[in-house]
Structures are given as structure tokens and as C-alpha cells.
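Structure below; questions to follow.
The values are calculated or read from the model by the stated rules, or taken from the named source; none is laboratory data. This structure is a prediction, so every number in the text was calculated from the model and none was measured. Here the Cβ positions follow ideal geometry from the backbone for every residue, glycine too, while neighbour counts run over all protein chains shown. With ligands, DNA and RNA removed, areas are computed over all heavy atoms of the protein, side chains included. Shrake-Rupley method; radii C 1.70, N 1.55, O 1.52, S 1.80 Å.
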Amino acid sequence: MENKGNFFLPGQGSTVAPDVDALFLFIGLASLIIFAIVVFGLIYFGFKYRARSKEVVLTPDISHNTTLELIWTIIPTILVLIVFVWGFKTFLTLNVVPKDAIEIKVTGKKWFWTFDYSDGYTSVNEIVVPVNTPIKLLMSSEDVIHSFYVPNFRVKMDVVPNRYSVTWFEAVEPGDYNLFCTEYCGTGHSEMIGNVKVLAKNDFATWQSQVGNDADSDMPLEELGEKIYKEKACFTCHTLDGSRLVGPSLKGTFGKTEKLTDGTEVLVDENYIRRSLLDPGAQIVESYPPVMPTYQGLLSDRDLDGIIAYIKTLKQ
Ligand code: CUA
């Protein structure tokens, strides 16, 4: 990324970023100047008119000062009008989606993002877009309120259940940009992190043709499972080294007998893993919260076979 940003703000990665920053800078500086005038005026007059002797001095009888009153009415009015007109223009730029924008469906879910492209491809936690192209995001949540935030793009919009929200951006430079959830949404909120991959237009075309002709179909099952483990961000909750996160570690889990929250026991076999992915709430291992989202519709049968084959390789 060419524009690296500075101590105060991250680099400007989208077409709207300079507008947003300029307005922010104007409001910030105006507030700072007014603050300085008020505080220094306060100190100066406090010192100038301090009590010098014990005898009582009456305040002179001043009813008003027209010039002064006009100044402190007109200047703030002008400032407020500037901020209003400028802010409204920037608000419109941020909210009116250009007609030629490419639409991507964004779904927030505890605790990851899925992106659905018009050609049928779905990605998790990474949205891939071409540079210099307006991208429209049609967003909704499957559970609680999340918020889609890309600091470099100066774009932030709530993602709510049962309705759609819309935002858009046009990236100006290829690169990887952080994507954060900025609405506290539960245990895994801080892990709900993604990536916006901006590609040059010809790289994007290559990427599209690659994901189009299903490169996974001739991949061995264990490799496919490992790929899904990384791509679908399973590592957010399930480690490979035996340590405990939100969910149980996958290390050595296959073939183990687990105690469930309802007191019964279950053997971790192919059917248990399959059920845990498609209907996670059905059989919860004791002492873990019932928070795993369902992957129904996100994983094909072959994907499920791949994950099972991969978990089998993770011996003690
Ligand atoms: Cu989703 Cu915080």
C-alpha cells in the first residue's frame, strides 16, 4: 500500500477516504481553535480581574454589547452551516451507491463473515474485489447485530438481523486491508476479523476463473479438510495443539468418547462430526458453550468428508 497513513489515521484506501478525512480534520481543528480561545480567555480574564484588595468593588453596569453579540452568533452559525453542507454532501457520497457497482452479499454470523458472489462462489472472512471498481455490499446478519468496518476505506455499517443494510466502496490500490466487526456481538467478537483483498483488474479476472472451475474436486480429502479448516476460520474456536478455546481442540478428538451436557456419552466418529457441523446445538460436549454456528449450506458433502478425513489425521 502506497498510502501508509500516519500516527492519527490509517492510509486512505478508497475514493471516499480523502473527503471523510478532510471533514474530520476541519471539525477537529475548528474545535481545537475554539477550545484554545475559550480556555486561554478564561485564564487571561481570571488573572486580569482577580481580587486585588479586601475592599468591595462593584461590577460596572453593562447591559449588552451589540458588536460582540453579533460576532459570537454569526461565526458559530457559519461554522455549523459549513459542517452541515459539507457533512451532508459526504453523507450522500457514502450512501448513494454508483449504478455500475458490483454487488456482493455479506452475511455476519457469530463469529465470522461470509461473502456470496453473483457467480455462486462463497468465501469466508475474505472478500476479494477488483481495484478502481465500485463494490456494493448487501448485508444482513443471521443472529445478532454485527458491524462491517474497514478502517482504510472509512466505511462502517451495522449488519442487523431480519433486514438488509447497504454500503459501498471503491478501492484505489491493490493490497490487503483489515476488516473488523465493530459491534460487540459476544464471546468471539474480537476474533471476528476478516480481510479485504483488493486485486488489480487482470488478477481479479484470473482469480474469478480459478474459483469458477472448482479446483478442489481433485484434491485429496485430508488436504481439502485442512484447506477448509483454514478458509472457514475453524481455528477461531478449535485448536490443533490440544489447547482449549471457545470449542474443544481437534487434536486426538477422533475416536474419543466425550461426555455431553445432557449427561450422556458419545463416540466421536464420522457421524458425530457431520452432525456437529450441520446441527451443532444437538450434542454439546460438557463444559463448552452451545455457540457453534451451523454450516448447513456452506459445506458440500465432499467438504464434510474432507473435514472428517482431516480430523482423523490429527492424532494425539
Ligand atoms: Cu460480530 Cu462483533
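Please turn the phi angles of the stretch 299-314 into ³J(HN,Hα) values with the Karplus equation 6.51 cos²θ - 1.76 cosθ + 1.60 (θ = phi - 60°), one per residue in order, whole Hz, x for glycine and proline.
10, 7, 4, 5, 4, 4, 4, x, 4, 4, 4, 5, 4, 4, 6, 8
Highest mean first, how do 98-109, 81-92 rank when packing is the count of other Cβ atoms within 10 Å averaged over residues?
Top to bottom by mean Cβ count within 10 Å: 98-109, 81-92.
Going by Cα centres, the stretch 123-137 and the stretch 244-310 are how many Å apart?
32
Placing unit charges on C-beta atoms (Lys and Arg positive, Asp and Glu negative, everything else neutral), compute the dipole magnitude of the stretch 221-312 about its Cα centre in debye, rounded to 20.
Rounded to the nearest 20 debye, it is 200 debye.
What residue among Tyr229, Tyr295, Tyr44 has the largest mean-square fluctuation in a Gaussian network model of the chain, using Cα springs under 10 Å?
Maximum among the listed residues: Tyr44.
I need the phi-derived Karplus couplings for the stretch 39-48: 6.51 cos²θ - 1.76 cosθ + 1.60, θ = phi - 60°, integer Hz, Gly and Pro marked x.
Each residue's phi maps through the Karplus curve to give 5, 5, x, 4, 5, 4, 5, x, 6, 4 Hz.
With just the Cα atoms defining each centre, how far is the stretch 166-202 from the stretch 16-56? Give it in Å.
38
So, with a 1.4 angstrom probe, what is the percent of accessible area on the stretch 221-312 that is carbon and sulfur?
Ligands and nucleic acids excluded, carbon and sulfur give 51 percent.
Given a 1.4 angstrom probe, what's the average accessible area per residue across the stretch 45-117, in square angstrom?
Result: 80 Å² of accessible area for each residue.
Note down the relative contact order for the chain as a percent, whole number, built from C-alpha pairs under 8 angstrom at least six residues apart.
Contact order relative to length: 14 percent.
Taking the dipole about the Cα centre of the chain, with the C-beta of Lys and Arg at +1 and of Asp and Glu at -1, give me whichever of Leu260, Pro280, Phe148 is farthest to the positive side.
Phe148
Please report, as a whole percent, how much of the solvent-accessible surface of the stretch 61-126 comes from carbon and sulfur atoms (probe radius 1.4 Å).
Ligands and nucleic acids excluded, carbon and sulfur give 69 percent.
Looking at the chain only, what percent of DSSP beta bridges run antiparallel? Nearest 5 please.
70
Which three extents, in whole angstrom, do the alpha-carbon atoms of the chain cover along their principal axes, largest first?
93, 53, 35
In what sequence, highest mean first, do 45-57, 129-141, 266-278 appear when ranked by Cβ atoms within 10 angstrom?
Top to bottom by mean Cβ count within 10 Å: 129-141, 266-278, 45-57.
Would you mind counting up the charge near His146? Only other residues with Cβ under 10 Å from its Cβ, with Lys and Arg at +1 and Asp and Glu at -1.
-2
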